[in-house]
There are 2 protein chains.
Amino acid sequence: MADKITPRSEDYAQWYVDVVRAAKLAEYSPVRGSMIIPPNGFELWENMRNGLDFMFKATGHRNAYFPLFIPQSFLAREAAHVDGFAKECAVVTHHRLKVDEEGQLIVDPEAKLEEPLVVRPTSETIIWDTYSKWIQSWRDLPILINQWANVVRWEMRTRLFLRTSEFLWQEGHTAHATEQEAVDETLQMLDVYATFAEEWMAMPVIKGVKTEAERFAGAVDTYCIEALMQDGKALQGGTSHFLGQNFAKAFDCTFQNQEGELEHVWATSWGVSTRLIGALIMTHGDDKGVVLPPRLAPIQVVIVPILRKDGSEPVLEAARAVRQELTDAGIRVFLDDRDQYRPGWKFTEYEVQGIPVRLAIGPRDVENGVVELVRRDLGDKQSVPMESLAETIRETLDSVQQGLFDSAKAFRETHTHTADDYESFKRLIEEEGGFVLMHWDGTAETETRIKEETKATIRCIPFPGQFEGTDESGVDPISGQPSKGRVVFARAY
Amino acid sequence: MADKITPRSEDYAQWYVDVVRAAKLAEYSPVRGSMIIPPNGFELWENMRNGLDFMFKATGHRNAYFPLFIPQSFLAREAAHVDGFAKECAVVTHHRLKVDEEGQLIVDPEAKLEEPLVVRPTSETIIWDTYSKWIQSWRDLPILINQWANVVRWEMRTRLFLRTSEFLWQEGHTAHATEQEAVDETLQMLDVYATFAEEWMAMPVIKGVKTEAERFAGAVDTYCIEALMQDGKALQGGTSHFLGQNFAKAFDCTFQNQEGELEHVWATSWGVSTRLIGALIMTHGDDKGVVLPPRLAPIQVVIVPILRKDGSEPVLEAARAVRQELTDAGIRVFLDDRDQYRPGWKFTEYEVQGIPVRLAIGPRDVENGVVELVRRDLGDKQSVPMESLAETIRETLDSVQQGLFDSAKAFRETHTHTADDYESFKRLIEEEGGFVLMHWDGTAETETRIKEETKATIRCIPFPGQFEGTDESGVDPISGQPSKGRVVFARAY
C-alpha cells in the first residue's frame, strides 16, 4: 500500500515530498504553510529534542517558557531586528468572534485590541524585556535559559520541515557579564549543535561564521553549521548568535558590576528547529524511502513474524522472546504481529519508514535457531543466530550509525570543489553543485554579485582548520583583491 | 532576600500570589493575561509532563503535532463547540507589519488574510478535519494520539496558572470504531489523571461526571477529577470527554466497518494543563511558601554547606561526597556551594521554593559523621548518620510524599459536609466552605437556582462507591423531587 516514490535522479524535489508523505512524517494542513506532524514524524522530533535537551542541561542551561504573543511595539525596539522579522508575521488584532445578524461567524469589530500582538517569530524581544527586570547585579548573571516552542514566520512558498509558517524549535537566550563569556557561550553552543548533527544525526557539518549579509537580524556575529544535501544544495542546520549588547541596549538591561558600575548585559541566542528533520531525510534517504540513524530512530528494530494459518504459535512465541530480549537490552523494538497485513507489505512499509534493522522470523528459522536480519542502509539479508542476538543487534546498530556518517562524509568530499577563477566557479555551481571553495575579498559587493549571477551564497567562513582547502590566503578572482582564505559557496535551502 | 508572604489566614488570594512570585514559579508578562514561566516553574511542569507522558505511552498513545492556527470556519462546524469557544479567542487577521510614512510600525492593511485564523483554544476541529482524511476503514482504528501544546483562550480576569490567556497543556484525541470502546477510553484516561493526581501530586481527587451545564462544548459526557483547595474552594484538575459522533459528523469522518458499511467514528478528548501547578501549590503550600511532593520536585534534596572563612574544605568535600552518593542513588540533588550567600539566606530560599529535604553540613557534623536533615513538610531538625544516607533520604522522601497525601486527604475529610435542607446547605457554603453533599433532582433548573443564590456549582456526580455519602437515593430538599444520590457542591476556581 506504500505510495509511489519518485526516484531522486528523476526529480529530487518530488522525491522529497514523496518520502515525507509515504513515511508519514508530515503533511500540509488546511492552514496555508502550517504542517501536521503525525506520530512517525513527531517521535523523531521527540528523540532529537531529548538528545539536545540532555546536552543543554549538561552545559548548565535550564528550560523556561515565555509568551507566544509579543506586543507590536517590542519588535520595533531593536532596529535591525524589526527589519528582519516584521515583514512576515502573524498579527493578532482581535480577541473575539461573534455570530452576526445573518447567522455567520465573523470577527467582532468591538473586540479590537488596543495594540496588535505578533505571534513570536523568535523571542529575543520579550525575553530581553523580562531579563531587564530579572537582572540588577553581577550576582544575577549568567542567565542560561532555553525554550522549546512553536514560532511563526509567514511564508508564501513552503516546503514540509524545510520552510513552514509555523515550526517547532528551541531557542537559547543567555545573559552574561562580559563579552568574552558571551562569545564563549556562542561557540560552545555551536559545538553542541555540531556534535548533535554528527554523532546523533550522522550528518557531517562545517562550522563557521556567516557574512554580514547572512547574519541574524540584531546579531553582532552569527555562527552556523552547514550540511550538504544529496542534490548538492547546502542546508543551514543551526545557528548560534553573539548579540553583543544590542538587545540589552534596546531593552535597557543593565547590571551593577563588582566595582559598583552599571554596564549593559552581553547576550547570545541559538536555535535549531524541525528543519533538521528535513536535513536528516535529505542526507540519508534513498529511492526506497527514509533511512533513519539508529540513535534517533523511534523504532530501531522491527520484528516481522512470518505467520501461517496453521501453527504460527511457535513463530509468535519466538518473536515475543526476541522482543523481550531486545527491550531488556535497551533497544527500541516493535513487533508487528498484525495478521491483516502480509509480511511483504510490512517489509515495504518499514523500508519506506527507514527503520534501521528488520528481523523476520519464520517456522524454519525457529527450528534452526536463527532470524533473518536486513539492514535498511545496505539492504542485504543475513541469517543470524538467536543466541546473543541483543549483542549482534547492538553491534549492527552501531555499524549502521557509523556507516551513515561515513557515506554522508564521502558524499560531501566528492561534492566539494575548489575554484580558482570565476568561470570555473560558475560552471561548478551550475553543473556540479555541492560546496565550491573560492577566495573572497570580504566585500558585500562581490558577495551580492555572485549571488545575483549564480544564486550561490556564502554558506560560511569556516573556522581555521575546520575544512580542508579554506585556510590559505590568496586573491579574490573577481575583484583581484586579497583574500584571507577560501570561503564555502553553494546554492542553499 | 525572600519576598514577604502574606499568611493564608489573612488573605488567601494574596498568599497565592506571594508564594508563586517568591518561589519564582511564574510571573505576569507585558501581554495581558499571558504568563512567563521561569525555570523553577517550568521544571515542575517538565516533571509533570514526563510523568503523564509515560502513562499515556504505557496505555498505547503516541504524540503528534497539529497547527496552532485554525480557520475561523472550522470553529463554526460543530454547533455547541462554537458557542463555547468563539467568544474568547485570539484572532489573526493580517500577516505583515510595515513602517508607515511617519516611521511608525503598523499593521499592513494590504496583508489582510482572506479568512481569519483563530489561535487554537483546543484542537478538536483541526484534528477531526485531519482524521477525516486519515480514516477510511476499520483497519485505521483506533487512533490514539496526544498533543503537548500551548493554547489560547482570551480571559479578562486572570490568575497565574489558574486562569491565563495562554497556557500549556496536553490534549488527547482518540478515534474509535465503537461507542463502547470510546467510553472505555474516556474512563481509562480519567483513571490515568486520578492516579497522577494522587500518586504524583499527592492530591486526593473525586472522580465523577459533570452535569449538562458544566459539560465541554461539543461533548456527550464530560468526566472530571475534582480536588479541594485549602481555602475550601474546589478545583477541576482534569477532564476526559466522551464526544460521541458529534465531531465525526461535523467533519464527515466515516469508516467502513468489517461488514462493509459506512459508520461515523466515535471520539474522545482529554486534557490537563499548567493549571495543575496552581492546584499543587494550593493543596500543599503553607505560610512559609510552596511545598513540593518529592516525585515532582525538580530538586528533591538541597545540600547547604556551612562555610567558614578558614577551613571550609573538609565541609565542601563531605558535601560533594553526599551529592555524589545521592546522585548515584537516582535522587535529584543540588549542592548550593555559592559563597556570596549566607546559610540562613539559603535555608529561607529553599523553604520558600518547597524543596522536600534540606541537608546542612558543618565542621562539627563532618567530625561526627552526621548531617542535619530538615523535612520541608514538618520542619523538624534531625541529625542523621552519613552512613547509608541514600537509604535514609529515600525513606524520608517516600514519607514526605505519603505524608502530603494523607494531610490533604484528612483536610478534605474535615471539609466535606452533608446537607439535608437548603438552609443548612447555604450556611455550610457560606460559612464553612469545602465540599457539600446534597441530594439533587437532576434538573438544570435547581442547579441554576443554587448557583445563582450561593455561587456553588455541582462539581461532579461521583461514580458509585467513589465518595462516601453520595450513593444513597433520597429527595432533593429544594424541589422535593426524588434524587438518585447526593452530588458534590462547592464554590470553585
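The values are calculated or read from the model by the stated rules, or taken from the named source; none is laboratory data. The shown structure was predicted, so the numbers you read here are calculated from the model rather than taken from an experiment. Counting neighbours? That spans all protein chains shown, and the Cβs are built from the backbone with ideal geometry, glycine included.
Looking across region B:164-185 at every residue that is among the hydrophobic types (A, V, I, L, M, F, W, C) and farther than 30 Å from B:Val31 by Cα, the one that is surrounded by the fewest Cβ atoms within 10 Å (Cβ to Cβ) is identified as B:Val183.
Residue-by-condition table, conditions (1) within 16 Å of the chain's Cα centre (by Cα); (2) within 23 Å of B:Ser137 (Cα to Cα); (3) in contact (Cβ under 8 Å) with a residue 40 or more places away in the chain:
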| residue | (1), (2), (3) |
| --- | --- |
| A:Lys4 | no, yes, no |
| A:Tyr12 | no, no, yes |
| A:Pro38 | no, yes, no |
| A:Leu44 | yes, no, yes |
| A:Leu52 | yes, no, yes |
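Number of residues in region A:137-151 that are more than 10 Å from chain B (Cβ to nearest Cβ) and either assigned to a loop (DSSP other than H, G, I, E, B) or at pLDDT below 95 (or both): the value is 2. (1) assigned to a strand (DSSP E or B); (2) over 16 Å from A:Met55 (Cβ atoms); (3) touching a Ser or Thr at 6+ places or on another chain (Cβ under 6 Å): which one isn't true of A:Trp154, the others all being true? Condition (1) is where A:Trp154 drops out. Within region A:137-148, how many residues turn out to be touching a residue at least 60 places away in the same chain (Cβ under 8 Å) and either surrounded by 22 or more Cβ atoms within 10 Å (Cβ to Cβ) or more than 20 Å from the chain's Cα centre (by Cα) (or both)? Adding up the residues that qualify gives 7. Among the residues of region B:205-221, those identified as in a helix (DSSP H, G or I) and of a type in the set (D, E, K, R) are B:Glu212, B:Glu214. Checked against (1) within 30 Å of A:Ala227 (Cα to Cα); (2) free of Cβ contacts under 8 Å to residues at least 60 places away in the same chain, A:Thr327 passes all but a single condition, namely (1). Of the numbered criteria (1) farther than 21 Å from B:Val183 by Cβ; (2) outside any loop (DSSP other than H, G, I, E, B); (3) not hydrophobic (A, V, I, L, M, F, W, C), the one B:Gly232 fails is (2). If you go through region B:12-52 and keep only what is more than 9 Å from chain A (Cβ to nearest Cβ) and among the acidic types (Asp, Glu), you end up with just B:Asp18.
Screening A:Glu78 against (1) touching a residue at least 60 places away in the same chain (Cβ under 8 Å); (2) within 19 Å of A:Asn150 (Cα to Cα) leaves a single unmet condition, (2). Is it the case that A:Leu160 is more than 8 Å from chain B (Cβ to nearest Cβ), crowded, with 22+ Cβ neighbours inside 10 Å and of a type outside the set (Lys, Arg)? In short, yes.
Looking across region A:203-245, the residues that are among the hydrophobic types (A, V, I, L, M, F, W, C), under 18 Å from A:Arg163 (Cβ atoms) and modelled with pLDDT under 95 come down to A:Phe216, A:Ala217. Screening A:Thr396, A:Thr348 for residues that are at pLDDT 95 or above and over 16 Å from A:Gly285 (Cβ atoms) leaves exactly one candidate, A:Thr396. Here A:Trp154 fulfils each of the conditions (1) among the hydrophobic types (A, V, I, L, M, F, W, C); (2) modelled with pLDDT under 95; (3) closer than 18 Å to A:Gln236 by Cα apart from (3). If the condition is being free of Cβ contacts under 8 Å to residues at least 60 places away in the same chain, within 9 Å of another protein chain (Cβ to nearest Cβ) and of a type in the set (Gly, Ala, Ser), then region A:54-71 contributes no residue at all. In this structure, is B:Met203 touching a strand residue (DSSP E or B) at 6+ places or on another chain (Cβ under 9 Å) and under 27 Å from B:Thr254 (Cβ atoms)? In short, no. Listed by first and then second residue, the pairs linking a residue in region A:166-192 that is in the same structural domain as A:Asn246 (by TED's automatic domain parsing) to a residue that is of a type in the set (Val, Ile, Thr) and surrounded by fewer than 20 Cβ atoms within 10 Å (Cβ to Cβ), with Cβ atoms under 8 Å apart and 6 or more places separating them unless they lie on different chains, are A:Gln188/A:Thr59; A:Met189/A:Thr59; A:Val192/A:Thr59.
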